[in-house]
Every structure is written in structure tokens, then in C-alpha cells.
Amino acid sequence: MLYVMSDLHGEYEKYRKMLELIRFSEADGLFVLGDVVDRGAQPVEILLDMMARPNVYPIMGNHDAFAFYMMQKLAVTITQENAGTHLATEDMQDLIGWLQDGGSSTMAGFQKLSQEQRADVLQYLEEMPYYETVDVGERTYILVHAGLANFRPDRKLSSYLPEELLLGRHDPDERYFSDPDVWVIAGHTLTQMISGKPEIYRGDQIFMIDCGACQPGGRLGCLCLDTFEEFYVE
Ligand SMILES: [Mn+2]
């Protein structure tokens, strides 16, 4: 079976419970549509678990991209020579912004790692693709963190800029592709903002799956692309 979930945001316990709930095995596959890190308590634990599973496929989210950017800076070894200067003023402002946007759990988790683990985590983040496509049955799914901003039917997927895929809101009520078998699956926008409910939102050839795992009243949602069964962890 092939599954999708998104916006885990450090909710390691919910992620583990979900893997149990769907009885995730080596025969299955799971796409995680970004925003693994920040906000919740254990983002780095989730990353390490995903890294150890060859059948979990990450896609970059805006929080993952920014954490990668910041952690690269924080991974610099501080010496007497660079101690006063290795974080420039604008980096310091970025750091404060990141911490205010939930980055402290990611930063704390990263700093507990060995040098070797840090290098592995940075490489894993760096190699996250900005989108994937996958065929299940008759359908082709485009998997992306936020959506396809500035969509045009003739635009190649490879022409979208990172910020269009990571931050661009995808109108969940607009139909994008004339081919009825091409569907988009995205996270990033809370389904509570769309339907008022922490449930996977099924639009016209689109699924929105961020049910707010780290939000009050939210849940972690997971969709099986073979059966369309929905799973939730409170
Ligand atoms: Mn996001």
C-alpha cells in the first residue's frame, strides 16, 4: 500500500502511532509531504526514523528548507577565531525568526547529535525533492508541500520555483488539470482553514492533507492511495 501524510511538525509520538495504525511494513511506501521539523517536541527523532527507512520518501516543506539553511550555519565549528563573527547580523535575525516560528525544538535536537549524525541529517534535508509524481492505478499524483502557485496548464513541473511549491497556496476549489486522472496532493494549508474540520479535504482532483498534527484540535491525517482509506491520530 502507498500512503501520504504531511506536516508532522515534530509530533514523533503521533507519527509512530500512525505507522502502527496503518501497520506500515517494508512492503508499503510512505510519502511525507514536508514540514517534518519545527514546533513539536521531537522533529529530529522523526527525521532519524525516516532516514532509517528506505520506503519513506520525503518531500521538502518550507520549514525543512529553512531549518536546513539555519542548521548549516549552526553546524559551523566555533573556534576562537570565528566565535565573534560566524553568525552575521542577518543570520542572527534569521535565527531569531526561526526560533519564533517553532525552530527551537529542531535546533535543540540537532545540537544533541554527533557530528556524523549532523552531517547525515543535513544531507538528508539537502536531498529532499521539491515534488514527486507517482502513479497508482489509473491516476497520476503530483505530491508537493504547499501547491502549484502561478499554475498554468502548459507549465512543466520542473519550472516551478522552490518558493512556489513550498509556500504558494493551492486553491483547493479550483480544478487545475484537464486530464481527470491527474491529481494534486498537498499539505501546508490546514484543512480546518478550508472545511473547518481536521479531516483530509477532497476537492476536484486535489487532496489537502494537513489536518494540523501540532495544532490545538488538530490531528495527524494519513491517506492510503490504493484504497482512499483515511487514518487519524489525535
Ligand atoms: Mn508549510
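The values are calculated or read from the model by the stated rules, or taken from the named source; none is laboratory data. The model shown is predicted, which means the values in this text are computed figures rather than measured ones. Methodologically, a virtual Cβ is constructed for each residue, glycine included, from the backbone with ideal geometry; neighbour enumeration extends over all protein chains shown. These accessible areas exclude ligands, DNA and RNA; they are computed on the full protein's heavy atoms, side chains included. Shrake-Rupley method; radii C 1.70, N 1.55, O 1.52, S 1.80 Å.
Exactly one residue out of ARG219, ARG152 is within 20 Å of the chain's Cα centre (by Cα) and more than 12 Å from the ligand (Cβ to nearest atom), and it is ARG219.
Just the residues that are within 16 Å of the ligand (Cβ to nearest atom) and buried (at least 17 other Cβ atoms within 10 Å of the Cβ), please, taken from segment 167-181. Answer for segment 167-181, where residues must be within 16 Å of the ligand (Cβ to nearest atom) and buried (at least 17 other Cβ atoms within 10 Å of the Cβ): GLY168, HIS170, PRO172. Filtered by the rule that a residue be open to solvent by less than 20 Å² (accessible area, probe 1.4 Å) and in a helix (DSSP H, G or I), segment 182-207 gives a lone residue, THR191.
All of (1) at pLDDT 95 or above; (2) surrounded by fewer than 18 Cβ atoms within 10 Å (Cβ to Cβ) hold for ALA119 with one exception: (1). Entry remark, segment 1-31: residues being more than 16 Å from MET128 (Cβ to Cβ), of a type in the set (D, E, K, R) and within 16 Å of the ligand (Cβ to nearest atom) number 1 in total.
A quick yes/no check of all residues on (1) modelled with pLDDT under 80; (2) β-branched (Val, Ile, Thr); (3) open to solvent by less than 20 Å² (accessible area, probe 1.4 Å):
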{"site": "ALA52", "(1), (2), (3)": "no, no, no"}
{"site": "MET60", "(1), (2), (3)": "no, no, yes"}
{"site": "HIS63", "(1), (2), (3)": "no, no, yes"}
{"site": "ASN82", "(1), (2), (3)": "yes, no, no"}
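Modelled with pLDDT under 95 and not hydroxyl-bearing (Ser, Thr, Tyr), is that true of PRO153? Spelling it out, PRO153 is indeed modelled with pLDDT under 95 and not hydroxyl-bearing (Ser, Thr, Tyr). Being surrounded by 16 or more Cβ atoms within 10 Å (Cβ to Cβ) and within 16 Å of the ligand (Cβ to nearest atom) is the requirement here; does GLY34 meet it? Considered against the rule, which asks whether it is surrounded by 16 or more Cβ atoms within 10 Å (Cβ to Cβ) and within 16 Å of the ligand (Cβ to nearest atom), GLY34 comes out as yes.
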